[in-house]
Amino acid sequence: MTELEHYIRSYFGVTQDDLAQISSYFEPTTLAKGEYFLKAGRYCDKLSFIRSGFLRVFSNLTGREVTQWIGTKGYFVTDLAGLMFEQPSRSSIQALSDCELFTITKADYLDLGRVVPHWHALEKRFLARCFMALEERILHLLSLPAEARYRTLFAQDRELFNHVPLQYLASMMGMTPETLSRLRKKSLDYGE
């Protein structure tokens, strides 16, 4: 069973037949470090499950780059505005390392509704989980002090701090690189 199939089965509880149908639409793909999954202004026509590697979602709407999210192993990546509503993306998605993905095209994604009878219920549940994660991130950014945001992200995904440039992590947490460096030093001083 691939990582994708394990994820689908554990999160959606699908039958073995449905699992086989769904996973058959995903093709193994790769991105080299520095390569773009999507550039701002273009339409996203795919959805990918990250098997390995790191992908950075970022925007440059105000004259400076803002990292919105770092995708890691076990997560999906796409631009929903493009995939669902055919709108050009406001964000770019770039590989921070070599990445292995399982990718489905938009056409095949739409076809799943015909092939898997309860696909739309599964899709609704998936999107609800994504929305809940986004709500939590927004709540943390708006309500937690910088140190708590750092500790939360560090506890959730320690590996990010070993593989992703700190300026991207600082941006994603809504702080300056200097603040992040100070918080890291403080944590190291306390042996965390």
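Every number here is computed from the coordinates shown, using simple stated rules; none is lab data. This structure is a prediction, so every number in the text was calculated from the model and none was measured. Using ideal geometry, Cβ is built from the backbone for each residue, glycine included, and neighbour counts are taken over all protein chains shown.
Mean-square fluctuations from a GNM of the chain, with a 10 angstrom spring cutoff on Cα atoms, peak among L127, L141, L31 at L127. Sparse packing (at most 16 other Cβ atoms within 10 Å of the Cβ) combined with a DSSP loop state is found for the following trypsin sites (Lys or Arg not before Pro) in the stretch 38-114: K39, R42, R64, K73, R90. Set against the labelled values [x] 128; [y] 142; [z] 171, volume of the Cα convex hull per residue in Å³ computed from this structure falls on [x]. Extending 7 Å from the Cα toward the beta-carbon at both K39 and L110 defines two label points whose distance is 2.5 nm. Projected label points at S187 and E100, each 7 Å from Cα along the beta carbon direction, are separated by 2.8 nanometres.
Amide H contacts of R90: G41, each under 5 Å away and 5 or more positions distant or on a separate chain (H built 1.01 Å from N in the peptide plane; Pro and chain starts excluded). The ranking of V115, V77 by Cβ neighbour count inside 10 Å, starting from the fewest, reads V115, V77.
Computed 3J(HN,Hα) for the stretch 137-154, one whole-Hz value per residue from the Karplus formula 6.51 cos²θ - 1.76 cosθ + 1.60 where θ = phi - 60°, is 4, 5, 4, 4, 5, 7, 10, 8, x, 3, 4, 5, 5, 4, 4, 5, 5, 4, glycine and proline marked x. Pairs of lysine residues in the chain that meet both criteria, 8 or more places apart or on different chains and Cα atoms under 17 Å apart, total 4. Springs between Cα atoms under 10 Å define the GNM used for the chain, and in it the highest mean-square fluctuation of G53, G113, G71 occurs at G113. The phi-based Karplus calculation (6.51 cos²θ - 1.76 cosθ + 1.60; θ = phi - 60°) puts the 3J(HN,Hα) values of the stretch 158-166 at 4, 4, 3, 6, 9, 10, 10, x, 4 Hz, whole numbers, x for Gly and Pro. Between 0 and 90 degrees, rounded to the nearest ten: what's the tilt of helix 106-115 against the longest Cα principal axis of the chain? For helix 106-115, the angle is close to 50 degrees. Here the Karplus curve 6.51 cos²θ - 1.76 cosθ + 1.60, taken at θ = phi - 60°, turns the phi angles of the stretch 12-28 into couplings of 10, x, 7, 6, 4, 5, 5, 4, 4, 4, 5, 5, 5, 7, 8, 10, x Hz, with x standing for Gly and Pro. Calculated [222 nm] ellipticity per residue, helices only, for the chain: -15000 deg cm²/dmol; basis is -39500 (n - 2.57) per DSSP H run with n ≥ 4, divided by all residues, nearest 500. Amide H to amide H, with H built 1.01 Å from N, S97 comes under 5 Å of G34, F54, counting only residues 5 or more places away or on other chains.
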